[in-house]
Amino acid sequence: MSDQPLLSKSPIEPSQNDRLMAALGHGLTFVEGGIVGPLIIYLIQDKKNAFSAFHSLQSLYFGLAFVVLTLVTCGLGAVLVIPYVVFEIIATVKAYNGEWYVLPVVGKYALEKHPPPQGVEPTPSW
């Protein structure tokens, strides 16, 4: 068993459960395509925990942006699938490590809805 408590005693440090739910918000993208999985995690975590809600919401926004871009460009946006996957992998790992990692373009909107606690600086991807 790990040294990390399941439930965090600090408002700044996410618990192991919070980190797992945040990583699932990103990781489920690889199972179903980036919309349904993050949406389910977000709906479960929205009122419970800002850390996991933030990560699942930005993953949802990222997936929606990718789908819309692909549809609007008649499929040409699909060339961005590799950067999309790379950013989601990085975000999954960083979420599991307890970092407030901000995805490009959409992360700032998720931060507006679920800001980090005072004293915690989000990690930008750019």
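Among the conditions (1) buried (at least 19 other Cβ atoms within 10 Å of the Cβ); (2) in contact with a helix residue (DSSP H, G or I) (Cβ under 7 Å, 6 or more places away or on another chain); (3) part of a helix (DSSP H, G or I), Lys94 misses just one, which is (2). Identify, please: which residue in the stretch 81-91 is in contact with a Phe, Trp or Tyr (Cβ under 9 Å, 6 or more places away or on another chain) and closer than 14 Å to Gly34 by Cα and is, among those, surrounded by the fewest Cβ atoms within 10 Å (Cβ to Cβ)? Once the filter is applied, the top-ranked residue is Val81. Taken over the stretch 9-67, the criterion of being part of a loop (DSSP other than H, G, I, E, B) and hydroxyl-bearing (Ser, Thr, Tyr) is satisfied by Ser10, Ser15.
Residues satisfying the criterion are absent from the stretch 58-67 (criterion: out of contact with any Gly (no Cβ under 6 Å at 6 or more places or on another chain), more than 20 Å from Pro122 (Cα to Cα), surrounded by fewer than 18 Cβ atoms within 10 Å (Cβ to Cβ) and among the aromatic types (Phe, Trp, Tyr)).
Which of the residues spanning the stretch 110-121 are within 12 Å of the chain's Cα centre (by Cα) and either of a type in the set (S, T, N, Q) or surrounded by fewer than 21 Cβ atoms within 10 Å (Cβ to Cβ) (or both)?
Leu111, His114
Taken over the stretch 97-121, the criterion of being out of contact with any helix residue (DSSP H, G or I) (no Cβ under 7 Å at 6 or more places or on another chain) and among the charged types (D, E, K, R) is satisfied by Glu99, Lys108, Glu112, Glu121. Out of the residues in the stretch 35-70 that are in contact (Cβ under 8 Å) with a residue 60 or more places away in the chain and among the aromatic types (Phe, Trp, Tyr), which is farthest from Val106 (Cα to Cα)? Selected residue: Phe51.
Looking at the stretch 71-80, is at least one residue surrounded by fewer than 21 Cβ atoms within 10 Å (Cβ to Cβ), of a type in the set (Gly, Ala, Ser), over 19 Å from Ile12 (Cα atoms) and touching a residue at least 24 places away in the same chain (Cβ under 8 Å)? For the stretch 71-80, residues surrounded by fewer than 21 Cβ atoms within 10 Å (Cβ to Cβ), of a type in the set (Gly, Ala, Ser), over 19 Å from Ile12 (Cα atoms) and touching a residue at least 24 places away in the same chain (Cβ under 8 Å): absent.
No value in this document is a laboratory result; all are computed from the given coordinates. Here the structure is a predicted model, which is why all the values come from computation and not from measurement. Heads up, the Cβs are rebuilt from the backbone with ideal geometry, glycines too, and the neighbour counts pull from every protein chain shown.
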